[in-house]
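The values are calculated or read from the model by the stated rules, or taken from the named source; none is laboratory data. Being a predicted model, the structure only gives us computed values, none of them experimental. Heads up, the Cβs are rebuilt from the backbone with ideal geometry, glycines too, and the neighbour counts pull from every protein chain shown.
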Amino acid sequence: MGSYLTAFLVGGLFCLIGQLLFDLTPFTPGHILSGFVVAGGILGGLGLYDKLIQFAGAGASLPIASFGNALAKGAMLEAARRGVIGVLTGMFELTSTGITAAIIFSFFMALLFDPKG
Amino acid sequence: MAAVPEELKITAEEYRELARKEKPPPPLLFNALTAFFSGGAVCLLGQVIQNGYIAFGFSPEEAANPTVVTVIFIASLLTGLGLFDHLANLTGAGTAVPVTGFANSLTAAALEFKKEGLVLGIGSKMFSQAGSVILFGVVTAFVVGLISALF
């Protein structure tokens, strides 16, 4: 599931592409990160994103495109099991960990700390 | 307030165009390399954490989950401590594109609107930036899932 070298190179490449889009296009980071997620979802639907994760490990599973892939994969896995309703029941199956962790940590950090500056 | 003469009025669109022209061009190569190395470092650190979890008995498939949680925790904590902004200024997309950026956007929004209260501040505003990532991710996955279910 990826070596240190492939994780570094592929993860770095994702960020390099992101930076070029930040600097060269008039889109905001919000637009561009949403674009990454959409691209990840489409690559996930085609079964390509998992191959990238096989190759690069955390280099492909940490960039935000992986979120789109995991959403699409969850929906597809449950759809294969239960039909159309599975698209809804499976949507957050694989991304639940990340979303829940981000919500919980953010909530408690907000209670614990005050904004700086 | 005195009325602004008609010839001095510009639309928001024209203002953005002007602001874009006047802004000095970003140092493209420097920014790109910084993003590459810092983003690579974030993912390398993630891989170290992931291999750590594998050594602790997680299967390679399962290890991605606690890895994401750990990275989110670090990013969220750095945001709470007020350090993430400095890091983001140095690294640009290097910390914005990995899940660190997602965690930061939630925590930063929660902190920023804390003064407006638990419900209307933290609760309502937490997703003010991350919301679009979730929305478009879900819409894409819905279409992809529907296609896979029907064909």
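In this structure, is B:Gly137 more than 7 Å from chain A (Cβ to nearest Cβ), part of a helix (DSSP H, G or I) and not hydrophobic (A, V, I, L, M, F, W, C)?
Numbers: more than 7 Å from chain A (Cβ to nearest Cβ): no; part of a helix (DSSP H, G or I): yes; not hydrophobic (A, V, I, L, M, F, W, C): yes.
It is false that B:Gly137 is more than 7 Å from chain A (Cβ to nearest Cβ), part of a helix (DSSP H, G or I) and not hydrophobic (A, V, I, L, M, F, W, C).
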Residue set A:Leu77, A:Leu20; condition part of a helix (DSSP H, G or I) and more than 7 Å from chain B (Cβ to nearest Cβ); output residue A:Leu77
- Task: Consider B:Ala12 carefully, then state whether it is under 28 Å from B:Ile134 (Cβ atoms), buried (at least 24 other Cβ atoms within 10 Å of the Cβ) and of a type in the set (A, V, I, L, M, F, W, C).
- Result: no
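Inside segment B:6-31, can you point out the residues that are over 13 Å from B:Gly92 (Cα atoms) and either modelled with pLDDT of 80 or more or among the hydrophobic types (A, V, I, L, M, F, W, C) (or both)? Spell out the reasoning first.
To start, the set of residues in segment B:6-31 that are over 13 Å from B:Gly92 (Cα atoms) comprises B:6-25.
Result: B:Leu8, B:Ile10, B:Thr11, B:Ala12, B:Glu13, B:Glu14, B:Tyr15, B:Arg16, B:Glu17, B:Leu18, B:Ala19.
Taking segment B:116-134, which residues are at the interface with another protein chain (Cβ under 8 Å from one of its Cβ atoms) and assigned to a helix (DSSP H, G or I)? Step through it out loud before you land on a result.
The initial filter retains those residues of segment B:116-134 that are at the interface with another protein chain (Cβ under 8 Å from one of its Cβ atoms), namely B:122, B:126, B:129-130, B:132-134.
The answer is B:Ile122, B:Ala130, B:Ser132, B:Val133, B:Ile134.
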### Condition check for B:Ser59: polar (S, T, N, Q) and either touching a strand residue (DSSP E or B) at 6+ places or on another chain (Cβ under 6 Å) or not in a helix (DSSP H, G or I) (or both)
yes
crowded, with 24+ Cβ neighbours inside 10 Å, within 8 Å of chain B (Cβ to nearest Cβ) and within 14 Å of the chain's Cα centre (by Cα): does that describe A:Gly45?
no
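Scan segment A:32-41 and tell me whether some residue there is farther than 30 Å from B:Glu17 by Cβ and either modelled with pLDDT of 95 or more or in contact with a Phe, Trp or Tyr (Cβ under 6 Å, 6 or more places away or on another chain) (or both). Write out each step before concluding.
Keep residues of segment A:32-41 that are farther than 30 Å from B:Glu17 by Cβ, which gives A:40-41.
Checking which are either modelled with pLDDT of 95 or more or in contact with a Phe, Trp or Tyr (Cβ under 6 Å, 6 or more places away or on another chain) (or both) leaves us with A:40-41.
Yes, because at least one residue in segment A:32-41 is farther than 30 Å from B:Glu17 by Cβ and either modelled with pLDDT of 95 or more or in contact with a Phe, Trp or Tyr (Cβ under 6 Å, 6 or more places away or on another chain) (or both).
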Taking first residues from segment B:32-48 that are within 12 Å of B:Ala93 (Cβ to Cβ) and at the interface with chain A (Cβ under 7 Å from one of its Cβ atoms) and second residues anywhere that are of a type in the set (Asp, Glu) and in a helix (DSSP H, G or I), the pairs with Cβ under 8 Å that are 6 or more apart or on different chains are B:Ala32/A:Asp23
